[in-house]
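Undergrad: Could you have a look at this structure, given as structure tokens, before my questions?
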Amino acid sequence: MSTPIDGVAGLGSLTGLSSVQRMGALAKAQGAQQGEEAAASGKAGESVFGSIFNSLIQGVKDTDAEFTQAQYLLATGQLDNPAQVGLAAYKAEVSLSLLIQMRDRALSAYNDLRNMNI
């Protein structure tokens with residue numbers, strides 16, 4: 001019978017180990033995996049939370065640039081389908097709205113944690 005942690009890369013076989021030894025091996029493998037991911041991305045100290053917000057901000061920048069490019073192409077007569085400007089504007093609006101909603105939710109969660117009695 002195989003356990004879920006037997007398939008974790010870098011652990012090998014965990015048969016014959018006590019549960020404490022298994023937990024230690026799993027923690028060591030997870031630390032090594034996180035170190036590899038951080039080295040691959042070049043951002044060792046960045047959290048998942050930070051990477052989500054960075055991707056949202058990059059999405060807003062990308063959709064705004066797409067909208068600006070569509071406006072330029074329409075103004076210069078190079079755009080065949082004027083509906084593309086409306087679609088680009090809507091995509092930019094939705095991505096900005098998503099970023100604002102995520103910011104508001106994060107601030108609300110932070111305030112809830114700050115006001116929590118211990």
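Undergrad: Sort through Ala44, Ala88, Ala92, Ala38 and tell me the only one that's open to solvent by less than 80 Å² (accessible area, probe 1.4 Å) and modelled with pLDDT under 95.
TA: Ala38
Undergrad: Being more than 30 Å from Gln69 (Cα to Cα), open to solvent by less than 100 Å² (accessible area, probe 1.4 Å) and aliphatic (A, V, I, L, M) is the filter here, so list the residues in the range 95-118 that pass it.
TA: Ala106, Leu107, Ala109
Undergrad: Say we look at the range 48-64 and pick out the residues that are small (Gly, Ala, Ser) and open to solvent by less than 60 Å² (accessible area, probe 1.4 Å); which of these is nearest to Leu107 (Cα to Cα)?
TA: Gly50
The values are calculated or read from the model by the stated rules, or taken from the named source; none is laboratory data. Computed from a predicted model, the values in this text were never measured in an experiment. Accessible surface is based on the protein model in full, side chains and every heavy atom, while ligands, DNA and RNA are left aside. Shrake-Rupley method; radii C 1.70, N 1.55, O 1.52, S 1.80 Å.
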